[in-house]
Every structure is written in C-alpha cells, then in structure tokens.
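Notes for the one structure printed next.
The values are calculated or read from the model by the stated rules, or taken from the named source; none is laboratory data. These numbers were taken from a predicted model, which means no experiment stands behind them. Positions of Cβ are backbone-derived with ideal geometry, glycine not excepted, and every protein chain shown enters the neighbour counts. Protein only, heavy atoms only, side chains kept; ligands, DNA and RNA dropped before computing areas. Shrake-Rupley method; radii C 1.70, N 1.55, O 1.52, S 1.80 Å.
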Amino acid sequence: MAEAKWYVVHTYSGYENKVKANIDKAIENRHLEDQILEVRVPMQDVTEVKDGVRKTSSKKMFPGYVLINMVMNDVTWYVVRNTRGVTGFVGPGSKPVPLTDAEMRPLGIKAENIVVDFGEGDTVAVIGGVWKDTVGVIQSMNHNKQSVTINVELFGRETPVEISFTDVKKMN
C-alpha cells in the first residue's frame, strides 16, 4: 500500500469545519479509515484585548484551507474532490502536491514513527491526556495514526477510547 501524505484542500471561506465534517462522514460511510487517516483545520490561540479585557480565542491558521493526511488514489481523490464546499486540491492543474516534512514542521504535525514495545492484548497504563492514570487492555493499534484503542470504564460501561502511543506505557 502507498504511503499516506499530507495534502492541502481549498474550500469556500467559512466552510472549513463543514468540509471536515463532510469528509469525516464520507470516510465512515465508505470505510476509508485506512486510506484517509486524518482531516484537520489548523487552529491557533490568539489573545485579543478589547476595552481593557483580555480574551483568548481560537482562529483558523489558514482560512479557506483544510489539511488531509491520506493515501492518494482514484477513490480518495474522488471522495475529497467531490465533497460539498471543496474547490480543489492545492497543486498545479488537477495533480495534488503533498506537503514536505519541512512544510509540516511549523504546523506542529510530526511525521516520525514511534517504535513501541506493546501490542494488541497487552495491558497498558495511560500516562498523559484526559485518561491519565487509567489502565486498559489494547484492543487495536493504528500505526498510521500512531494510536491504540483501549476499553475504559465510563458510567459503568466499557467504552473504547483512542489514545496516542506517547500517552501509554506497557504494564509489567
């Protein structure tokens, strides 16, 4: 299988979140989770001072653009290109050009692969994030997203949650 790369999609201004939601829905409906890995609308925190009051809000880093980590093929290209609100991929003509690692670094998106010492069925402890200090058994691993899915008890029920490789450690 080809390697997933980051692409930039041009959207109507103000439609970035709607395009993200529509692509996420298309991924789910067409079972493309292994080909379109992530859809992002890059945000940054901005502090504004109005009338002497300091207010922090999130603003889009690139209005009119959405980043997509995907394996480029005819099916994924068609799904993204024909999503309502998308005007096209960024690149010459109809050929999308993936972003380089150097272009991705300032966005805080890491490309390096993390080598882990655990696998499906292993018991792990969560060492960071919302589920810190939770213990669970790995149900599945997604090496493309560099995450594991474990079951945690939530409101008396077992609920699957996805956690980054960097936020878990193997229990002995």
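Descriptive notes on the structure:
- Of the strands (runs of 3 or more DSSP E) lying entirely inside the stretch 1-96, those carrying at least 1 residues that are more than 30 Å from Ser140 (Cα to Cα) and either open to solvent by less than 70 Å² (accessible area, probe 1.4 Å) or at pLDDT below 90 (or both) are 5-11, 43-50, 53-60, 86-89.
- Pairs with Cβ under 7 Å, 6+ apart, first in the stretch 124-142 and β-branched (Val, Ile, Thr), second open to solvent by 70 Å² or more (accessible area, probe 1.4 Å): Val124/Lys169; Val124/Lys170; Val124/Met171; Val126/Lys132; Val126/Asp133; Ile127/Lys169; Val135/Met171; Ile138/Glu120
- Condition broken by Pro106, with the remaining ones in (1) modelled with pLDDT under 80; (2) outside any loop (DSSP other than H, G, I, E, B); (3) surrounded by 15 or more Cβ atoms within 10 Å (Cβ to Cβ) satisfied: (3)
- Flag for Asp45 being touching a Lys or Arg at 6+ places or on another chain (Cβ under 6 Å), within 27 Å of Ser147 (Cα to Cα) and among the acidic types (Asp, Glu): no
- Scanning the stretch 127-172 for residues that are of a type in the set (A, V, I, L, M, F, W, C) and either under 24 Å from Asn69 (Cβ atoms) or touching a Leu at 6+ places or on another chain (Cβ under 8 Å) (or both) yields Val130, Trp131, Ile138, Met141, Val148, Ile150, Val161, Ile163, Phe165, Val168.
- Among residues of the stretch 128-142 being assigned to a loop (DSSP other than H, G, I, E, B) and open to solvent by 80 Å² or more (accessible area, probe 1.4 Å), the one that is nearest to Glu38 (Cα to Cα) is Val130.
- Criterion (touching a residue at least 40 places away in the same chain (Cβ under 8 Å) and under 18 Å from Leu37 (Cβ atoms)) met by exactly one of Lys145, Lys169: Lys145
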